[in-house]
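Asks: Let me give you the structure first, and then I'll get to my questions.
The values are calculated or read from the model by the stated rules, or taken from the named source; none is laboratory data. Model, not experiment: these values are computed from the prediction. For neighbour counting, all protein chains shown are included, and Cβ atoms are generated from backbone atoms with ideal geometry for every residue, glycine included. These area figures cover heavy atoms from the full protein model, side chains too; ligands, DNA and RNA do not enter into them. Shrake-Rupley method; radii C 1.70, N 1.55, O 1.52, S 1.80 Å.
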Amino acid sequence: MSTWFRTFVPRPAARLRLICFPHAGGAASAYRGWAEMLPPSIEVTAVQYPGRQDRIMVEQAPDMDTLVREATAEIEPFLDRSVAFFGHSMGATVAYEVARSLPRALRPALVHFFASARKAPDDCAPLAPEFRGDEGMLRYVTGLGGNAGMLLAHEELRELALFVLRGDFHLIDTYTHRPGAPLTCPVTAISGSYDAACTRADAAAWERYTTGAFDLRELNGGHFYLESAPEGLMALLADTLAPAPAAH
């Protein structure tokens, strides 16, 4: 089995697999508790980027293209049923590029795409100069709130967290969107109600990236609304991914 993916609660009979892509500095464990909050018809699988947790000894990807190429090469066994992609913050960019990179024969498996707390690909920009260097990164991440900021407050964990963040922020800083065919599946873009890093207007720009249906949602919270109040997101995911009613 691939070292890239973690299914914490296997559900072999599930109708759909939700594949989740973590934020910068994040890991597959960010999605560990989701299965228990979602219906049994959905199996949750999380991507484990190299260079963190149980893949700490694996060299981090030098650029977004490499990360996407390696993830795409490993994902085919997980497309054995309908799938939805969920990407949070940087993870939305990774998920979008993986979706674009799927071999043509596998693309129909992707039935929905969720972009969470992330500007649309063409609107992504490098971090501002004041957030460069370790101290700048610490200020930026702490300002976003969430569990990452709390981890950085612990001196013994800070260096390990910074090691991961340096690599991930390099991916963000050097990422450039290349125009191409849009997605064809429905897209839901989600923003936190007081997230300055991705406003509702920022999230609305994702409509340009699909020929399918588009839905714009705002949930209560900041950049890490999914940690502080996950119930609203779980309800949105469950409702959006519910099977279509049978025809009469």
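Asks: For segment 56-73, state whether one or more residues are under 26 Å from PRO243 (Cα atoms) and either hydrophobic (A, V, I, L, M, F, W, C) or within 18 Å of the chain's Cα centre (by Cα) (or both). First the steps, then the outcome.
Replies: Within segment 56-73, the first condition is being under 26 Å from PRO243 (Cα atoms), and the residues that meet it are none.
Within segment 56-73 (the criterion being under 26 Å from PRO243 (Cα atoms) and either hydrophobic (A, V, I, L, M, F, W, C) or within 18 Å of the chain's Cα centre (by Cα) (or both)), the answer is no, since none of the residues qualifies.
Asks: Specify which of the listed residues (GLY212, GLY222) is farther than 24 Å from PRO179 by Cβ and either of a type in the set (Val, Ile, Thr) or open to solvent by less than 50 Å² (accessible area, probe 1.4 Å) (or both).
Replies: On the way: GLY212 fails: farther than 24 Å from PRO179 by Cβ.
On inspection, the qualifying residue turns out to be GLY222.
Asks: Then there's this: Among the residues of segment 1-29, what is the count of those that are out of contact with any strand residue (DSSP E or B) (no Cβ under 7 Å at 6 or more places or on another chain) and surrounded by 22 or more Cβ atoms within 10 Å (Cβ to Cβ)?
Replies: Summing the residues that are out of contact with any strand residue (DSSP E or B) (no Cβ under 7 Å at 6 or more places or on another chain) and surrounded by 22 or more Cβ atoms within 10 Å (Cβ to Cβ) in segment 1-29 gives 3.
Asks: Find the residue count for segment 93-147, including only residues that are within 22 Å of SER29 (Cβ to Cβ), in contact (Cβ under 8 Å) with a residue 40 or more places away in the chain and not aromatic (Phe, Trp, Tyr).
Replies: 13
Asks: With the requirement that a residue be hydrophobic (A, V, I, L, M, F, W, C), in a loop (DSSP other than H, G, I, E, B) and either open to solvent by 10 Å² or more (accessible area, probe 1.4 Å) or in contact with a Leu (Cβ under 9 Å, 6 or more places away or on another chain) (or both), what does segment 161-209 give you?
Replies: Initially, segment 161-209 is screened for residues hydrophobic (A, V, I, L, M, F, W, C), giving 161-165, 169, 171-172, 181, 183, 185, 187, 189-190, 196-198, 201, 203-206.
If we keep only those that are in a loop (DSSP other than H, G, I, E, B) too, we end up with 181, 185, 196-198.
ALA181, CYS185, ALA196, ALA197 - these are the residues of segment 161-209 that are hydrophobic (A, V, I, L, M, F, W, C), in a loop (DSSP other than H, G, I, E, B) and either open to solvent by 10 Å² or more (accessible area, probe 1.4 Å) or in contact with a Leu (Cβ under 9 Å, 6 or more places away or on another chain) (or both).
Asks: Contact list please: Cβ distance under 7 Å, first residue in segment 201-229 and modelled with pLDDT under 95, second residue among the small types (Gly, Ala, Ser) and in a strand (DSSP E or B), pairs at least six apart or on different chains.
Replies: GLY221/GLY192; GLY222/GLY192; HIS223/GLY192; TYR225/GLY192; LEU226/SER116
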